[in-house]
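Below: one structure, written as structure tokens.
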Amino acid sequence: MILDRMSQVVAEALTRISDELTAEALRSELHERRELLLDAVMLVRESRLDIEARFRRSFTEVFQGRMFPGEARATDRAQQPMRELSLMSDDSLSDTLEVGRLAQRAGGALDPEQVLGIRARLAALIERDWFDEARHPASPDAIFEALRMALAELAPRAEVKTALLDAFEPHVSRSLNGVYEAVNDQLRAHHVLPRLRAQVQTASDVSRRAGAPDTASRSDTEPAVNASGAAVSMRTPPAAGASGGISGGTMSGTSQTGAAQTGWSGQVVAQYHDAMAQAQAGRPAGRRQMAQLLSNPAMFETDEGPLAPVGPPLVAVLTDLQRDHHSSQSPLSGPDIARHVRAQGTPLDQVTAEIVSLVFDYIYSDRRLPDPIKQQLLRLQVVAVKAALLDRGFFARRQHPIRRLIDRISELGVDPDQDLAAHGALVAGIAAIVDQVIAEFVTDLAVFEQGIAQVNTLGEQQAELRAQRLARAEREAALREAMALAQDEARTELERRMDQDVPAFVQDFLFSSWADVLARARCAPDASAGAQAWSVGLRAAEYLIWSVLPKQSDEIARLAAVLPGLMRGLNRGLDLLELPADARTGFFDALLRTHTRELEAAKKRSGSGSAPRATAVRLQADGTVGFAPDAAQAARPVSKSTVAAAWPASVQGLVRGQRLDLHEDGQRQTFKLAWISPARKLFILSRHPDETLTFDAQRMAEMLRAGTMSLSLEPITVERAIRRAASDEVLDTLTGAPTRTALQET
């Protein structure tokens with residue numbers, strides 16, 4: 001009930017957070033803060049469902065760990081792999097302070113009576129003393145810790161994570177009292193501490209708690225509270241017939257204290273037998289518990305335990321099935337394999353086979369995997385069942401060779417650059433590798449290592465072919481980036497020489513057409529000739545700027561002398577561009593009119609006695625025009641330089657090889673980020689057979705922010721499939737292992 005209500009709070013908060021953060025970003029005057037908030041908005045929009053699912057999982061983990069702390073200590077090492085996706089350590093000081101800050105803020109809005117009730121009643125359910133105020137299973141601290149874990153698994157920048165946690169806080173604070181009240185009402189209705197009575201705790205009570213347990217006091221004393229309503233001591237009578245042990249698949253002993261244990265302790269063995277009994281009875285919860293046990297690395301730290309080795313007759317049966325179907329493209333189904341296992345195997349063998357089948361069902365349900373790849377993966381199912389029976393650590397070992405083989409094939413299968421046609425070279429190569437694995441695997445896992453090496457070789461061969469196809473696009477993009485960088489440099493130099501009195505049409509000409517002329521000079525194949533052309537081009541720009549600035553009468557003759565050469569130089573430069581004739585004619589006509597007006601104005605200034613205003617470009621004593629960088633300027637024109645600032649983290653964080661989804665006209669196409677220019681100004685996306693798209697950084701950032709481009713979700717790996725088999729709610733809604741059809745509908 002708590003999980004469902006808190007998940008609803010998080011879901012409703014996510015609906016509002018996007019608009020709230022967007023509004024805050026628009027109000028922010030700091031560029032860095034604005035980009036940070038917009039990155040947080042993008043994360044919410046792209047990963048909303050993922051955040052909700054991760055919160056449910058994380059909160060379940062935190063809640064169970066606090067509800068049964070003894071069990072949590074005993075299995076802490078086993079649970080560590082479940083947290084490996086997190087980029088932050090759970091005991092990090094900064095994380096602790098951050099969660100504490102948010103929890104304290106939320107706690108200030110809570111009703112003390114509701115807090116007291118939930119602390120006492122949750123403790124009563126498991127026959128223990130009251131929970132500490134900040135450490136009960138549904139405390140604000142627990143909720144924000146779960147949110148932190150959920151966001152950390154998505155690996156955003158620390159600042160983005162903090163911004164999202166801050167955005168969640170008011171929604172959690174407003175809703176938590178209602179959650180507590182509903183839970184307290186529900187527990188009271190079921191006669192769990194319907195009345196809390198105030199009681200003063202004495203020093204003897206404290207000493208008694210520090211020593212041996214007082215069973216008489218424990219049996220007839222209700223929760224004790226002080227006058228303010230804050231808990232002082234919580235004691236609850238044991239339920240009738242309570243005897244500890246395992247109930248409902250959850251380990252709950254009469255004592256939750258003591259040294260942490262790892263491996264196959266007595267409690268874990270009891271849990272194993274309980275889970276096995278439930279799984280054998282066809283209960284999904286039992287199968288889930290078995291998946292949790294078998295995927296727990298701590299269970300395999302010693303050889304002691306109830307996991308007996310598989311019998312030779314079953315291995316022989318599965319080997320025969322391999323040989324009978326090794327060349328067939330119609331693989332055995334999970335139920336077919338399970339039938340053979342039931343005939344020859346133990347209950348543990350049967351449950352192992354069912355969980356392997358469930359893992360393959362999850363992989364099969366992944367719509368990102370193309371059908372030809374799924375078909376080859378399904379052919380490995382009988383091999384995977386036998387490998388899991390031979391090595392009971394199959395579910396716990398991420399580096400198990402057949403798991404790595406399946407994941408490597410899946411990785412190639414979702415590569416947009418690959419030819420995934422049923423009769424293409426890649427699929428044919430994978431089919432041949434699968435044939436070999438099925439034909440050769442008896443009991444030696446080295447067969448899978450050989451298969452991994454062959455798949456890697458196949459992938460490298462395909463990568464070489466793609467590289468040849470992309471070579472031309474990369475060369476063109478590199479030239480475009482070099483031109484863009486040279487244009488930025490040219491505009492920067494031109495802006496340094498600009499003056500407030502330069503007419504707008506001359507500014508536009510210099511920042512567009514003439515910047516292109518200079519960029520071509522900078523990118524010339526002959527570096528020496530290019531450097532000379534760059535210098536000549538800047539000199540021409542300086543003469544053009546000087547020619548349109550206000551002049552004294554004594555400068556009229558010099559202007560008339562330089563105009564013919566200036567016009568020739570400008571025309572020679574424009575000849576390098578594909579500038580339309582009417583645009584060129586329009587510019588020179590406007591320039592002629594400006595010069596005519598300036599000559600007339602200069603004649604009128606004769607004898608005015610006013611000193612000329614200092615400009616960056618001026619006529620020198622020797623009659624030449626030069627640039628004085630340190631000249632004082634009364635004002636500068638509006639900047640037209642396009643030198644790019646640092647692009648948002650959404651673009652800076654992209655790496656080569658990532659898959660990106662483009663959403664257009666209701667359709668989604670997946671591309672691979674095949675190339676990133678050295679300056680990260682240009683990005684090439686590729687897709688089989690020969691489609692390539694090139695975007696600059698600004699366009700990429702705009703598309704990512706607008707949602708027309710997004711990071712593609714990763715395929716379901718064996719690890720993720722095992723996790724889902726151990727925790728997915730689909731199991732609670734189905735009577736047995738979910739079929740492929742049921743999974744697809746879900």
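Restricting attention to segment 541-551, the residues that are open to solvent by 20 Å² or more (accessible area, probe 1.4 Å) and in contact with a Leu (Cβ under 7 Å, 6 or more places away or on another chain) total 1. Residues that are charged (D, E, K, R) and touching a helix residue (DSSP H, G or I) at 6+ places or on another chain (Cβ under 8 Å) were ranked within segment 460-494; the one that is nearest to I430 (Cα to Cα) is E489.
Do you know which residues across segment 1-44 are aliphatic (A, V, I, L, M), open to solvent by 70 Å² or more (accessible area, probe 1.4 Å) and farther than 26 Å from L654 by Cβ? Give the steps one after another, and end with the answer.
Pass one, segment 1-44, residues aliphatic (A, V, I, L, M): 1-3, 6, 9-11, 13-14, 17, 21, 23, 25-26, 30, 36-38, 40-44.
Those still in the list that are open to solvent by 70 Å² or more (accessible area, probe 1.4 Å) too: 1, 26, 30.
The answer is M1, and nothing else.
Can you spot a residue in segment 522-533 that is in a helix (DSSP H, G or I), surrounded by 15 or more Cβ atoms within 10 Å (Cβ to Cβ) and touching a residue at least 24 places away in the same chain (Cβ under 8 Å)? Among the residues of segment 522-533, at least one is in a helix (DSSP H, G or I), surrounded by 15 or more Cβ atoms within 10 Å (Cβ to Cβ) and touching a residue at least 24 places away in the same chain (Cβ under 8 Å), which makes the answer yes.
Name the residues in segment 312-364 that are charged (D, E, K, R) and either open to solvent by less than 20 Å² (accessible area, probe 1.4 Å) or in contact with a strand residue (DSSP E or B) (Cβ under 7 Å, 6 or more places away or on another chain) (or both), would you?
First pass over segment 312-364, keeping only residues charged (D, E, K, R): 320, 323-324, 336, 339, 342, 349, 354, 361.
Within segment 312-364, D349, D361 meet the criteria.
Within segment 402-436, the set of residues being basic (K, R), open to solvent by 10 Å² or more (accessible area, probe 1.4 Å) and either more than 22 Å from A674 (Cβ to Cβ) or touching a Cys at 6+ places or on another chain (Cβ under 6 Å) (or both) comprises R404 only.
When only residues in segment 54-103 that are at pLDDT below 85 and of a type in the set (S, T, N, Q) count, which is surrounded by the most Cβ atoms within 10 Å (Cβ to Cβ)?
We begin by selecting, within segment 54-103, every residue at pLDDT below 85; these are 68-101.
Add one more test, that the residue is of a type in the set (S, T, N, Q), and what stays is 75, 79-80, 86, 89, 92, 94, 96.
Numbers: T75: 26, Q79: 16, Q80: 13, S86: 19, S89: 12, S92: 12, S94: 11, T96: 15.
Ranking the qualifying residues of segment 54-103, first place goes to T75.
Each residue in segment 439-467 was checked for being touching a residue at least 40 places away in the same chain (Cβ under 8 Å) and among the hydroxyl-bearing types (S, T, Y), and 1 pass. The single residue among A431, A421 that is part of a loop (DSSP other than H, G, I, E, B), in contact (Cβ under 8 Å) with a residue 40 or more places away in the chain and closer than 26 Å to P715 by Cβ turns out to be A421.
Is at least one residue of segment 371-382 touching a helix residue (DSSP H, G or I) at 6+ places or on another chain (Cβ under 7 Å), in a helix (DSSP H, G or I), at pLDDT 90 or above and farther than 21 Å from H423 by Cα? Yes, because at least one residue in segment 371-382 is touching a helix residue (DSSP H, G or I) at 6+ places or on another chain (Cβ under 7 Å), in a helix (DSSP H, G or I), at pLDDT 90 or above and farther than 21 Å from H423 by Cα. Considering every residue within segment 486-496, establish whether at least one is of a type in the set (G, A, S) and more than 30 Å from I433 (Cβ to Cβ). Looking for residues that are of a type in the set (G, A, S) and more than 30 Å from I433 (Cβ to Cβ), one finds at least one in segment 486-496, hence yes.
Of all the residues in segment 590-643, those that are open to solvent by 50 Å² or more (accessible area, probe 1.4 Å), polar (S, T, N, Q), at pLDDT 80 or above and assigned to a loop (DSSP other than H, G, I, E, B) number 1. Restricting attention to segment 365-380, the residues that are among the charged types (D, E, K, R), open to solvent by less than 30 Å² (accessible area, probe 1.4 Å) and within 28 Å of the chain's Cα centre (by Cα) total 2.
For (1) small (G, A, S); (2) surrounded by fewer than 21 Cβ atoms within 10 Å (Cβ to Cβ); (3) under 26 Å from L38 (Cβ atoms), each residue gets a yes or a no:
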{"site": "H136", "(1), (2), (3)": "no, no, no"}
{"site": "D141", "(1), (2), (3)": "no, no, no"}
{"site": "L147", "(1), (2), (3)": "no, no, yes"}
{"site": "L154", "(1), (2), (3)": "no, yes, yes"}
{"site": "A158", "(1), (2), (3)": "yes, yes, yes"}
{"site": "D166", "(1), (2), (3)": "no, yes, yes"}
{"site": "S173", "(1), (2), (3)": "yes, yes, yes"}
{"site": "L176", "(1), (2), (3)": "no, no, no"}
{"site": "V192", "(1), (2), (3)": "no, yes, no"}
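Among all residue pairs at least 6 apart or on different chains, which show Cβ distances below 7 Å where the first residue, located in segment 388-417, is closer than 22 Å to V442 by Cα and the second is in a helix (DSSP H, G or I) and of a type in the set (D, E)? Partner pairs satisfying both residue conditions: L389/D349; R398/E719; P401/E449.
Of everything in segment 464-490, what is more than 24 Å from A531 (Cβ to Cβ), hydrophobic (A, V, I, L, M, F, W, C) and open to solvent by less than 40 Å² (accessible area, probe 1.4 Å)? Give them in sequence order. Answer for segment 464-490, where residues must be more than 24 Å from A531 (Cβ to Cβ), hydrophobic (A, V, I, L, M, F, W, C) and open to solvent by less than 40 Å² (accessible area, probe 1.4 Å): L470, A471, A473, A477.
The single condition from (1) touching a helix residue (DSSP H, G or I) at 6+ places or on another chain (Cβ under 6 Å); (2) in contact (Cβ under 8 Å) with a residue 12 or more places away in the chain that D166 fails is (1).
Please go through segment 135-191 and give me each residue that is polar (S, T, N, Q), in a helix (DSSP H, G or I) and more than 19 Å from T15 (Cβ to Cβ), ordered by number. Explain how you work it out, then say what you get.
The initial filter retains those residues of segment 135-191 that are polar (S, T, N, Q), namely 139, 162, 173, 175, 177, 184, 186.
With in a helix (DSSP H, G or I) added as a condition, the list becomes 162, 173, 175, 177, 184, 186.
Residues satisfying the conditions are T162, N177, N184, Q186.
Identify the residue in segment 286-306 that is of a type in the set (G, A, S) and at pLDDT below 80 and, among all such residues, is surrounded by the fewest Cβ atoms within 10 Å (Cβ to Cβ). The extreme case among them is G305.
The values are calculated or read from the model by the stated rules, or taken from the named source; none is laboratory data. Here the structure is a predicted model, which means the values were calculated and not measured. Counting neighbours? That spans all protein chains shown, and the Cβs are built from the backbone with ideal geometry, glycine included. Only protein heavy atoms, including side chains, enter the accessible area calculation; ligands, DNA and RNA are left aside. Shrake-Rupley method; radii C 1.70, N 1.55, O 1.52, S 1.80 Å.
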